[in-house]
């Protein structure tokens, strides 16, 4: 009988057994609700109408990620705790308020220049990436925003971000949530900055002005 004399080998064996056991258990994926660590500024009280929930355009809607074993076999699910389409609209609306915008619901009275924001979730998926000694968790988040106003503006833009949590030996809930939180923070900042920049470029937006836009979808999307 062979004896394992090295503490490192014992640790690796124990970790391997733990990882294999965890790989067959579903992960509860918490949808992060915290705002940006460094909030964006520039809302200046301008009106934004956020439509909730976002549309769900994901290919895989019944789970938000997966577990794999050491052979990269799909063994269990990462399950979102809540509706990710409602969640995305809510965290964007909350962050726009923090930025200084006046955020309204679609049924609330608004000025002609108010910016209407509709979104769609194209991807939300967290999965392990295995290395030789350790692995990492990678979160893919892909959101599309379409904005419009009663004064004639129409524009759209996509936001694709990867969140990463490295140095993992066993797949456990915490690293999955960290990877998603990092992807969410970056996506949220990019979306808010894009809205601020658009509204700064077109001062008619968000106020009571009735100026119309001579701007097509394709032109707005490219800006």
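Points to keep in mind about this one:
- Just one of the listed residues (67, 3, 47) is farther than 20 Å from residue 158 by Cβ and modelled with pLDDT of 95 or more, and it is 47.
- Test: residue in segment 189-206 that is in contact with a helix residue (DSSP H, G or I) (Cβ under 8 Å, 6 or more places away or on another chain), surrounded by 13 or more Cβ atoms within 10 Å (Cβ to Cβ), at pLDDT below 95 and under 24 Å from residue 41 (Cβ atoms): yes
- Just one of the listed residues (39, 84) is modelled with pLDDT of 95 or more and under 26 Å from residue 128 (Cβ atoms), and it is 84.
- Inside segment 40-56, residues that are in a loop (DSSP other than H, G, I, E, B) and surrounded by 15 or more Cβ atoms within 10 Å (Cβ to Cβ) make up a count of 8.
- Among the residues making up segment 144-159, those that are in a strand (DSSP E or B) and surrounded by 18 or more Cβ atoms within 10 Å (Cβ to Cβ) are 145, 146, 147, 148, 155, 157, 159.
- Of all the listed residues (105, 99), the sole one being modelled with pLDDT of 95 or more and exposed (fewer than 15 other Cβ atoms within 10 Å of the Cβ) is 105.
Condition check ((1) more than 16 Å from the chain's Cα centre (by Cα); (2) assigned to a strand (DSSP E or B)) across all residues:
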| position | (1), (2) |
| --- | --- |
| 88 | no, no |
| 97 | yes, no |
| 107 | yes, no |
| 112 | yes, no |
| 124 | no, yes |
| 139 | no, yes |
| 142 | no, yes |
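The values are calculated or read from the model by the stated rules, or taken from the named source; none is laboratory data. In this text the structure is predicted, and so the values were computed from the model without any measurement. With ideal geometry, Cβ positions are generated from the backbone for all residues, glycine too; neighbour counts draw on all protein chains shown.
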